[in-house]
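Since the structure comes first, as structure tokens, the remarks are kept for the end.
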Amino acid sequence: MEHENEKILNILAKAGFLKNGDPKKILKEKNKDEDIFQTLMRLGVLSEDDILRFFQTVIPQRVWKSTIEEVSVPSHILNAISEEFMRKHKVVPVKYENGKLHVVMLNPLNQTIINELRFRTGANSIVPYVAPLSVIEKALDKLFPVVGDIIEQIEDADVEFEQETEDEPSIDEVIHASEDAPIVKLSKTLIHEAVSAGASDIHIEPFEKKVLVRFRIDGVLRVIHELPIKVKDSLVARYKIMANLDIAEKRKPQDGRIRTKVKGKKVDLRVSTVPTYYGEKVVMRIQEAEKYLNIKLEDLGFEEDDLVKFRRAIWKPWGMILVTGPTGSGKTTTLYSALMERNNPEVNIMTAEDPVEVAIPGINQVQVNEKAGLTFSSALRAFLRQDPDIILVGEIRDKETADIAIRASLTGHLVFSTLHTNDAPTTITRLTDMGIEPFLVGSSLILVVAQRLIRKLCPKCRVPDDTPRDVLVRLGVLRSADEKVTIYKANEKGCEYCNYTGYKGRTAVHEIMEIDDELRKLIIKEGTADEIRELAIKKGMRTLYQSGLLKVRKGITSIKEVERVLMQ
């Protein structure tokens, strides 16, 4: 590739286009994966017009003469090449016929990209053309509309309802507006943006004069767009139609589900609407099936000794394993990963979930429907007549469910479930507070996992933490002031890789309490949460805060992030 770039620079120099540029110096300045013409533009050696004139001189037959309006590419081609790839390499497909894919590029001589396109699309041949960068960007925006452009279309189309009175728009008007092309584009584009940004939730929030769109990325909500108030009813109606909800019902909360594909991946969105003072708020939880199905226990952030404890428990023939933590702490991912490890034709696994997060091949999953009388407890009773080996109860919400789950675990079944508690020891007292006999709790439980998600430092821009060493010792991060361990913190400015936040991705921290004979005796004696915690720590349990500090020592996260998420 370097040799090809050198040849191009020499041709440019001979043609008189590189008057002030030294080829060797330009090659040194070139970034990895950057096209040589992008380098020349970045360095200010050539302009868009210069590049176009060069190609008009060298290969005039390869200059693109069509218009952006003529761009038409089948969806299977667009799904094969990601938007990220196209924007990065300044290439856009414009036509596909008889196995030939016509593409417009900044550099039609870039054989590496042409080969990559042929491999990704399966096209018989690639026909490359050249166009100015501005034209390529406009063509990409046509294929992948940005929210700003869609809002302009909405403004031009004037989607707002004409109302003579202050009454709400009629259902027919709302449906008509929600099917208007710009609104359809906007609803899809917001989902596409959120999935591309790695968001876990999308919030559509109406206020007096605007509609706020926020994404939760790495556990933190960020304002992404402020939309005009006129899109409020039609955008919400569009999502309700997609989720099969009643668009006429605006006074009650509703729940639904949207199933779609983004970049060729199956994406499920759990949709919740709630009536607020200024209109209905929509929150969509994003779940990518492939992420759940491909994840292994080793990927979840367990410390080595904790992973041994967890794995030992999930391979036991009977007993109860509880995973606890607030909403959005990764409980579902941990449980699904455990089920995937045990999932084989010799084992009958049954789950009762509300809702079923992701369909897993080989597992019998039941969607709880309380309106129809299918509760966690009634599903559990039915499971026990279905010869199960492993049972997952989505959540223990009441005494009846807890009773049946515990009795199932005592009669030869391995039971997984979740509870909303702050740490592992208080899970025991929560069950006894529900009215479960302590001897049943002590006899059935084999492991309790409390977990939280913390943001990971951006590996490209993290910086050493300048907190004094004696303070780090007092916090428990360092064992002594002389210890040769570098502690890192987030770069306040961040970088492009982490979207200027200083953090990229999340990992879990765990508090794992194995129930041995001593702890079992203390539970049966009705020991307090503090007594249980004290004994568990003596037996080697690491608290959530201590697990967080381990991640700080390893350079994975910062002290600030641990203190934001975890209590000492």
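With point charges of +1 on the Cβ of Lys and Arg and -1 on the Cβ of Asp and Glu, referenced to the Cα centre of the chain, which listed residue (VAL565, PRO228, VAL356) lies farthest in the positive direction of the dipole?
VAL565
With a 1.4 Å probe and all protein chains in place, put SER329, SER82 in order of accessible area, largest first. Intermediate values should be presented prior to the final figure.
Values: SER329 5, SER82 35 Å².
Ranked list, largest accessible area first: SER82, SER329.
Take the Cα gyration tensor of the chain, multiply each eigenvalue by 5, square-root it, and list the three semi-axes largest first, rounded to whole angstrom.
Numbers: eigenvalues 508, 215, 106 Å².
Gyration-tensor ellipsoid for the chain: 50, 33, 23 Å.
In whole Å, what is the distance between the alpha-carbon centres of the range 225-293 and the range 75-138?
The range 225-293 and the range 75-138 have Cα centres spaced 33 Å from each other.
Quick one: putting +1 on the C-beta of Lys and Arg, -1 on the C-beta of Asp and Glu, what dipole do you get for the range 411-566 around its Cα centre, in Debye to the nearest 20? It would help to have the intermediate numbers written out before the result.
On the way: 26 positive and 21 negative charges, 178 e Å.
It comes to approximately 860 debye.
Taking amide hydrogens as modeled 1.01 Å from N in the peptide plane, which residues meet the under 5 Å criterion relative to VAL262, leaving out close sequence neighbours?
Close amide H contacts, sequence-distant or interchain: VAL267.
Please work out, to two decimal places, the log10 of the ratio I(q)/I(0) at q = 0.17, 0.18, 0.22 Å⁻¹ from a Debye calculation in which every Cα of the range 14-109 carries one identical scatterer.
The calculated log intensity ratios at q = 0.17, 0.18, 0.22 Å⁻¹ are -0.88, -0.95, -1.22.
Work through the residues other than LYS210 whose Cβ is under 13 Å from its Cβ and net out their charges, Lys, Arg +1 and Asp, Glu -1. Show your work: numbers first, answer last.
Working: positive: LYS209, ARG214, LYS230, LYS232; negative: GLU205, GLU208, GLU226.
Net of charged neighbours comes to +1.
Mind giving me the FRET efficiency for ASP246 and GLU370? R0 is 25 Å, r the Cβ-Cβ distance, nearest 0.05 is fine. Please report the intermediate quantities before stating the final value.
Numbers: r = 18 Å, r/R0 = 0.71.
For R0 = 25 Å, the calculated efficiency reads 0.90.
Gain in length, ASP305 to ASP466, computed as 0.36 nm per residue apart minus the alpha-carbon separation, to one decimal in nm? Could the numbers behind the result be given before it?
Values: separation 161, 0.36 × 161 = 57.96 nm, distance 3.05 nm.
Stretched fully, the ASP305-ASP466 segment lengthens by 54.9 nm.
Add +1 for every Lys or Arg and -1 for every Asp or Glu among the other residues with Cβ under 15 Å from the Cβ of LEU335, and state the total. Present the calculation step by step, with values, prior to reporting the outcome.
Working: positive: LYS291, LYS296, ARG311, LYS331, ARG342; negative: ASP299, GLU341, GLU353, ASP354, GLU357, GLU395.
It works out to a net charge of -1.
Quick one: what are the phi-derived ³J(HN,Hα) couplings along the range 543-550, Karplus 6.51/-1.76/1.60 with θ = phi - 60°, whole Hz, x for glycine and proline?
Using θ = phi - 60°, the values come out as 6, 4, 5, 5, 5, x, 5, 4 Hz.
Within a Cβ distance under 12 Å of SER480, other residues only, what is the Lys/Arg minus Asp/Glu net charge?
On the way: positive: ARG469, ARG474, ARG479, LYS484; negative: ASP470, ASP482, GLU483.
Residues close to SER480 contribute a combined charge of +1.
About its Cα centre, how strong a charge dipole does the range 295-383 have in debye, to the nearest 20, once Lys and Arg get +1 and Asp and Glu get -1 at the Cβ? Present the calculation step by step, with values, prior to reporting the outcome.
Numbers: 9 positive and 12 negative charges, 73 e Å.
Computed charge dipole of the range 295-383: roughly 340 debye.
Shape of the range 217-256 from its Cα gyration tensor (a ≥ b ≥ c, root eigenvalues): rounded if a/c is under 1.5, otherwise prolate when a/b > b/c, or oblate?
Working: a/c = 2.43, a/b = 1.46, b/c = 1.66.
Because a/c hits 1.5 or more and a/b fails to exceed b/c, the range 217-256 counts as oblate.
What percent of all Cα-Cα pairs in the range 479-568 falls into each 10 Å bin, going from 0 up to the bin containing the maximum distance?
Reading upward from the zero bin: 15, 34, 27, 16, 8, 1.
Sort 105-118, 480-493 by packing, meaning the average of other beta carbons within 10 Å per residue, with the highest value first. Present the calculation step by step, with values, prior to reporting the outcome.
Working: 105-118: 19.1, 480-493: 13.2.
Highest to lowest by the protection proxy: 105-118, 480-493.
State the Kirkwood hydrodynamic radius of the range 418-568 in Å, one decimal place, computed from all pairs of distinct Cα atoms. Display every interim value, and only then the final one.
Details: mean 1/r = 0.0586 Å⁻¹.
Taking the inverse mean of 1/r over all distinct Cα pairs, the range 418-568 comes out at 17.1 Å.
Extension gain LYS263-LYS539, at 0.36 nm per residue separation less the Cα-Cα distance, in nm? Write down the numbers at each step before the final one.
Details: separation 276, 0.36 × 276 = 99.36 nm, distance 4.79 nm.
Here the answer is 94.6 nm.
Could you tell me how many degrees, from 0 to 90 and to the nearest 10, lie between the Cα long axis of helix 133-143 and the main elongation axis, the longest principal axis, of the Cα atoms of the chain?
50
Based on Cβ point charges of +1 for Lys and Arg and -1 for Asp and Glu, what charge dipole magnitude is obtained for the chain about its Cα centre, in debye rounded to the nearest 20?
Details: 84 positive and 87 negative charges, 433 e Å.
Dipole size: approximately 2080 debye.
The values are calculated or read from the model by the stated rules, or taken from the named source; none is laboratory data. Please read all numbers here as calculations on a predicted model, not as lab measurements. No Cβ is skipped: glycine too gets one built from the backbone with ideal geometry, and neighbour counts run over all protein chains shown. When the accessible area is computed, the model is the full protein with side chains, heavy atoms only, and any ligands, DNA or RNA have been set aside. Shrake-Rupley method; radii C 1.70, N 1.55, O 1.52, S 1.80 Å.
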